Every structure is written in C-alpha cells, then in structure tokens.
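The values are calculated or read from the model by the stated rules, or taken from the named source; none is laboratory data. The shown structure was predicted, so the numbers you read here are calculated from the model rather than taken from an experiment. Here the Cβ is made from the backbone with ideal geometry for all residues, glycine too, and neighbour counts use every protein chain on show. Each accessible area value is taken on the protein alone, full model and side chains, heavy atoms only, with ligands, DNA and RNA left out. Shrake-Rupley method; radii C 1.70, N 1.55, O 1.52, S 1.80 Å.
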Amino acid sequence: AKSEGRGTYRFFEAKMGAQVRDRRLLEHDMRHAIARGEMHLVYQPQTDVTTGAVIGFEVLLRWQHPERGAVSPAVFIPIAEESGIILQIGEWVLREACREAASWANPLSVAVNVSAVQILAPHFIQIVHEVLFQTGLKPGRLEIEITETALIRDPPRAHSNLHQLKALGVRLAMDDFGTGYSSLSNLRSYPFDKIKIDGSFIKSVDTNAQTAAIVRSVLGLGRGLGLPVLAEGVETEGELGFLVAENCEAAQGYLLGRPARIGQFSEHTHGLRTP
Ligand code: C2E
Ligand code: CA
Ligand code: CA
Ligand code: CA
C-alpha cells in the first residue's frame with residue numbers, strides 16, 4: 001500500500017508539472033495573441049424584461065488559438081490575471097468595445113468586464129478617461145462589470161478607484177452577485193448602479209422554491225437600495241416568466257440572445273434612433 005501511495009504521488013506530481021508547463025505555454029502565446037489577430041469580441045444582448053427591448057450589450061472576449069482552437073475565457077483570463085497580461089488585454093478590450101459602441105446609431109449601453117488587477121492598477125482611471133475621450137463615447141453608456149473578488153483584495157483602493165470612475169460618469173455593475181465573496185455591506189460601501197444576479201440562481205428559478213426565494217430577496221434588496229437588477233443566464237421561457245412576474249428589470253441569457261459578433265445585431269446598433 002505504501003509503494004502504491006508513492007506511485008500515486010509521482011503520478012500526481014507529473015500531472016502537476018504538465019499543467020504548469022501548459023499554463024506557461026498559454027501565457028507565452030497570449031502575449032502575442034492580440035498582435036496576431038487571434039482575439040476578438042462578442043456581444044450578448046441585455047433586454048428590458050417588461051418591454052423585451054434590447055437596452056445594451058455585454059462584451060465577452062474570445063481567443064481563437066492557432067493550434068488549440070477556441071480557448072475559454074474561464075481558462076485564459078485567470079492566467080492573464082496572474083501574469084499581469086490582463087492589463088494589456090483589458091485595455092484593448094475596453095478600447096475596442098468603446099470604439100464599437102460609439103459607432104452605433106442607437107445609444108445603447110456597453111458593459112465591459114474588468115478584472116481586479118485592472119481596477120486596482122494605478123493608471124486604470126486615466127486609461128478609462130483617455131479611451132472615452134479618444135472614442136467619443138458618452139461616459140454614461142459605459143458600464144463596468146466588477147466582481148466582489150476585486151473589492152476584497154484592497155478595499156481602500158477599490159473604494160477610491162470606483163468613486164473616481166463614478167466621477168467620470170461611468171456606470172458600475174456588481175457582477176456574479178450571490179457567489180464568491182458576496183457581502184451585503186459591499187452594496188452599501190461601493191457606488192454600484194446595478195446588481196447582476198449570477199446565472200446559477202436563475203437556473204430553475206421557476207421550479208425550485210429555494211432558488212425562487214433567494215432571487216425574490218435579491219430583487220427586494222435592489223428595490224430597497226434603488227438599484228436595478230439584471231438576471232444572468234436566462235435560458236427558458238419559464239425562468240423569464242418568473243422574472244416578469246417578480247418585476248426584475250433586465251435579463252440576459254441564451255433565450256434572449258447568444259454572444260455573437262456585433263454584426264449579428266445590426267438591427268439594434270444601426271436602427272433608427274429611438275426618440
Ligand atoms: P461573466 O462575466 O459572468 O459572463 C457571463 C458568461 O456566461 C459568459 O461566458 C457567457 O457566454 C455565459 N452565458 C451567457 N448567457 C448564458 C446562458 O444563458 N447560459 C449559460 N450557461 N451561460 C451563459 P464566457 O463568455 O465563457 O465568459 C466567462 C467569464 O470570463 C465571464 O463571466 C468573465 O468573468 C470572464 N470574461 C469574459 N470576457 C472577459 C473580458 O473581456 N475581461 C475580463 N476581465 N473577463 C472576461
Ligand atoms: Ca460579466
Ligand atoms: Ca456574471
Ligand atoms: Ca462569472
């Protein structure tokens with residue numbers, strides 16, 4: 001049994017070594033991915049639950065690796081964060097998204113995911129300011145999505161930076177609400193404009209009484225704080241029906257539209273300006 005244990009350990013060690021090497025390879029390839037045109041943005045519509053109208057788009061990063069094919073952001077974003085490459089990639093995402101949104105006939109909002117590393121970087125506010133100025137996008141149309149992980153790392157700096165972003169006129173959404181390091185006090189301490197309920201709470205919200213109770217209470221919280229709530233990961237008519245009945249403000253998910261190249265949504269971005 002003893003030698004068996006040692007064998008298992010060696011196998012584990014070898015596997016770990018392979019994983020570390022694979023990470024390094026991905027990190028190396030990521031450094032050139034933008035310059036080589038391997039990265040692009042997709043957009044997912046966010047809709048008004050009451051009217052069904054598209055109110056904005058969330059921007060999601062895609063990486064088409066020359067040999068590996070599509071690499072999931074769930075895989076490469078954490079590596080980009082640890083290595084610091086997220087600073088360059090994130091700035092590129094922000095600039096591309098703002099440039100794109102500034103060209104739309106309809107003044108819809110554009111929601112950009114920003115990592116903790118970016119939010120806490122000393123020049124982040126200056127970068128946002130510069131990108132808004134260079135692209136001409138009205139600051140109120142830019143929404144920055146932040147998870148609570150970003151806040152716990154350095155609360156004083158997060159506090160200062162979020163308030164500086166607010167001062168620019170940018171809107172702030174708390175992403176993945178209900179997961180990770182969620183704390184209700186964060187909603188009070190930071191200047192958020194929107195709560196995004198994590199998709200894991202929307203799945204089966206119409207058939208699971210406990211999930212329904214949680215979502216109802218988040219909607220009540222939003223109402224009490226005067227913050228609109230967006231439900232993520234809406235996949236079925238039943239889930240949407242629940243959100244309509246419970247007066248949730250906004251929704252996003254495969255049922256309403258899958259993330260796609262912006263050209264797929266030209267009826268919203270190039271339509272006649274709504275009065
Ligand atoms: P997120 O910000 O929570 O984004 C929502 C994720 O849910 C996206 O996955 C989206 O494609 C997926 N999704 C949308 N609707 C549905 C649905 O109805 N059902 C299900 N099951 N999933 C749905 P994606 O694109 O793979 O991105 C994963 C995560 O990677 C994002 O989670 C975000 O944390 C991160 N990410 C993506 N793009 C960026 C970026 O430009 N910058 C940063 N910092 N992070 C990003
Ligand atoms: Ca997000
Ligand atoms: Ca989310
Ligand atoms: Ca997430």
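Data overview
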read-out: Of all residues in the range 175-205 being within 24 Å of Ser109 (Cα to Cα) and aliphatic (A, V, I, L, M), the one that is nearest to ligand 3 (Cβ to nearest atom); value: Ile197
read-out: Of all residues in the range 187-207 being assigned to a helix (DSSP H, G or I) and more than 16 Å from ligand 2 (Cβ to nearest atom), the one that is most open to solvent (accessible area, probe 1.4 Å); value: Arg188
read-out: Check on Gly180, within 15 Å of the chain's Cα centre (by Cα), in contact (Cβ under 8 Å) with a residue 12 or more places away in the chain and either away from ligand 4 (no atom under 16 Å from the Cβ) or in a loop (DSSP other than H, G, I, E, B) (or both); value: yes
read-out: Test: residue in the range 177-185 that is closer than 30 Å to Leu132 by Cα, away from ligand 2 (no atom under 16 Å from the Cβ), among the polar types (S, T, N, Q) and modelled with pLDDT under 95; value: no
read-out: Out of Gln252, Gln210, sole residue that is over 20 Å from Val49 (Cα atoms), of a type outside the set (A, V, I, L, M, F, W, C) and either at pLDDT 95 or above or under 18 Å from the mean Cα position of the chain (by Cα) (or both); value: Gln210
read-out: Strands (runs of 3 or more DSSP E) (entirely within the range 39-146) containing at least 1 residues that are open to solvent by 20 Å² or more (accessible area, probe 1.4 Å); value: 39-48, 54-65, 69-71, 109-113
read-out: Out of Tyr190, Tyr254, sole residue that is under 14 Å from Thr147 (Cα atoms) and of a type in the set (Phe, Trp, Tyr); value: Tyr190
read-out: Lone unmet requirement of (1) within 16 Å of ligand 4 (Cβ to nearest atom); (2) over 19 Å from Val20 (Cβ atoms); (3) not aliphatic (A, V, I, L, M) for Phe76; value: (2)
read-out: Evaluation of Val218 against (1) in contact with a strand residue (DSSP E or B) (Cβ under 6 Å, 6 or more places away or on another chain); (2) closer than 28 Å to Asn106 by Cα (one fails), failing number; value: (2)
read-out: Sole exception among (1) in a loop (DSSP other than H, G, I, E, B); (2) open to solvent by less than 40 Å² (accessible area, probe 1.4 Å); (3) not small (Gly, Ala, Ser) for Leu240, by number; value: (1)
read-out: Any hit, the range 158-169, residues being over 17 Å from Ala116 (Cβ atoms), more than 15 Å from ligand 4 (Cβ to nearest atom) and in contact with a Lys or Arg (Cβ under 9 Å, 6 or more places away or on another chain); value: yes
read-out: Flag if Gly226 is surrounded by fewer than 17 Cβ atoms within 10 Å (Cβ to Cβ), touching an Asp or Glu at 6+ places or on another chain (Cβ under 8 Å) and not acidic (Asp, Glu); value: no
read-out: Candidate set: the range 208-223, residues that are of a type in the set (A, V, I, L, M) and closer than 18 Å to Gly180 by Cβ; chosen: the one most open to solvent (accessible area, probe 1.4 Å); value: Ile214
